[in-house]
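The values are calculated or read from the model by the stated rules, or taken from the named source; none is laboratory data. Just so it is clear, the structure is predicted and the values come from calculations on it, not from any experiment. Note: ideal-geometry Cβ built from the backbone for every residue, glycine included; neighbour counts use all protein chains shown. Ligands, DNA and RNA are excluded from the accessible area calculation, which covers all protein heavy atoms including side chains. Shrake-Rupley method; radii C 1.70, N 1.55, O 1.52, S 1.80 Å.
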Amino acid sequence: MSAELAAAVGLLRSGELVAFPTETVYGLGADAADPVAVARIFAAKGRPADHPLIVHLPGAACLDQWARDIPPSARILAEAFWPGPLTLILARAPAVPYAVTGGQETVGLRVPAHPLALALLRAFAQGEGGRRGICGIAAPSANRFGRISPTSARHVREELGDAVALVLDGGPCEIGIESTILDLSRRGVPPRLLRPGRVTPEQIGKLIGEMPELPDGMKATGIPRVSGSLDTHYAPRTATRLVTSDGLIRAVEEALARGERCGLLLRGLCAPPPVHSLRRLPNDPEAFARLLYAALRELDQADNDLILIEALPSGPEWSAVADRLRRAAHGSEDRR
Ligand code: TXA
Ligand code: MG
């Protein structure tokens with residue numbers, strides 16, 4: 001074990017916070033069996049205590065420590081997708097502290113695919129392990145509440161500063177948006193997709209022989225609608241708007257006419273008037289997802305008055321990033 005990993009395990013065992021890379025985004029980790037350590041996560045993020053955290057496990061073999069009444073579909077999905085970007089919501093085992101579940105009777109579990117995350121989880125599970133005979137690392141995305149998730153160690157430092165004892169640097173995240181969340185905790189009803197991600201509802205449906213119920217906003221087209229019920233999440237501080245490709249140039253011209261400094265996030269080849277800052281992302285859903293949060297963060301830090309984002313195509317392959325963009329832009333009218 002490297003000295004840094006040993007230090008990380010020592011810090012976790014003494015109730016401190018350690019940020020670590022996953023294949024999706026960086027997580028802000030604490031001993032999931034220690035309610036005092038878990039409380040530090042909420043304090044560092046400024047997150048309300050009734051928001052549950054995802055518990056990261058070293059392998060599917062630990063499932064039974066954390067969940068009970070585990071349906072066969074959960075075992076099938078864990079076998080197929082772990083380690084990987086799928087979080088399963090299951091009934092909590094009695095030993096799981098309510099601090100982690102936000103007071104709920106369910107718990108979110110996943111085995112991340114990043115080698116450094118797995119090394120940390122395995123090292124933490126060895127020897128004395130967690131407390132109460134269960135071992136896992138609770139970790140939300142390592143950003144301040146409601147803000148853009150970090151996809152590099154530098155982002156974590158920018159977000160949390162000294163609130164985190166150690167940031168393990170595993171380079172930029174491969175996937176770039178958060179895991180798919182599937183609720184399997186309700187007996188006798190279809191599984192429910194709570195957050196779209198790299199693992200798609202079609203992949204899940206094929207494996208378990210039942211299509212998951214989609215969130216309201218995804219039902220009709222596979223693309224989340226703008227909805228008043230969506231939280232502002234993954235959000236830049238700068239006012240942010242989604243604009244169709246056709247409307248982009250006009251929206252830029254109008255912003256410039258109002259004397260606003262404009263940041264543009266483009267996907268296509270459109271040639272806009274000169275703006276204060278411009279980022280162009282690949283017109284491919286996976287590459288777009290990988291680079292999205294870093295690009296949003298840059299535009300947010302570039303002293304723009306307004307960020308305009310080119311809306312996405314309507315195919316299901318874009319639905320996970322479309323969900324994040326809707327949330328990033330939601331409510332920005334009020335903040336202008
Ligand atoms: O990719 C990811 O999932 C990243 C990396 C670090 O693993 N984690 C992440 O955690 O995105 P967080 O806390 O930022 O988002 C977790 C989401 C929250 O919206 C939370 O409400 C939901 O998961 N969640 C966790 N436990 C839940 C539960 N028991 N029931 C319903 N939702 C739950
Ligand atoms: Mg988050």
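Let's see how each residue does on (1) in contact with a helix residue (DSSP H, G or I) (Cβ under 8 Å, 6 or more places away or on another chain); (2) open to solvent by 10 Å² or more (accessible area, probe 1.4 Å); (3) closer than 30 Å to LEU291 by Cβ; (4) modelled with pLDDT of 95 or more:
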{"position": "MET1", "(1), (2), (3), (4)": "yes, yes, no, no"}
{"position": "GLU4", "(1), (2), (3), (4)": "no, yes, yes, yes"}
{"position": "ALA7", "(1), (2), (3), (4)": "no, yes, no, yes"}
{"position": "GLU16", "(1), (2), (3), (4)": "yes, yes, no, yes"}
{"position": "PRO21", "(1), (2), (3), (4)": "yes, no, yes, yes"}
{"position": "PRO35", "(1), (2), (3), (4)": "yes, yes, no, yes"}
{"position": "VAL38", "(1), (2), (3), (4)": "yes, no, no, yes"}
{"position": "ARG47", "(1), (2), (3), (4)": "yes, yes, yes, no"}
{"position": "PRO58", "(1), (2), (3), (4)": "yes, yes, yes, yes"}
Neighbours by Cβ (under 7 Å, 6+ apart or cross-chain): first from region 89-116, open to solvent by less than 10 Å² (accessible area, probe 1.4 Å); second within 10 Å of ligand 1 (Cβ to nearest atom) and acidic (Asp, Glu): PRO112/GLU23
Residue match in region 18-26 (condition: in contact with a Gly (Cβ under 9 Å, 6 or more places away or on another chain) and farther than 28 Å from TYR234 by Cα): no
LEU193 vs. criteria open to solvent by less than 10 Å² (accessible area, probe 1.4 Å), under 17 Å from ALA320 (Cβ atoms) and outside any helix (DSSP H, G or I): yes
Residue in region 127-147 that is among the β-branched types (Val, Ile, Thr), open to solvent by 10 Å² or more (accessible area, probe 1.4 Å) and within 12 Å of ligand 1 (Cβ to nearest atom) present: no
Unmet criterion (only one of (1) open to solvent by less than 20 Å² (accessible area, probe 1.4 Å); (2) farther than 26 Å from PHE288 by Cβ; (3) touching a residue at least 60 places away in the same chain (Cβ under 8 Å)) for ARG122: (1)
Residue that is nearest to the chain's Cα centre (by Cα) [pool: residues in region 196-216 that are open to solvent by less than 30 Å² (accessible area, probe 1.4 Å) and more than 15 Å from ligand 1 (Cβ to nearest atom)]: PRO201
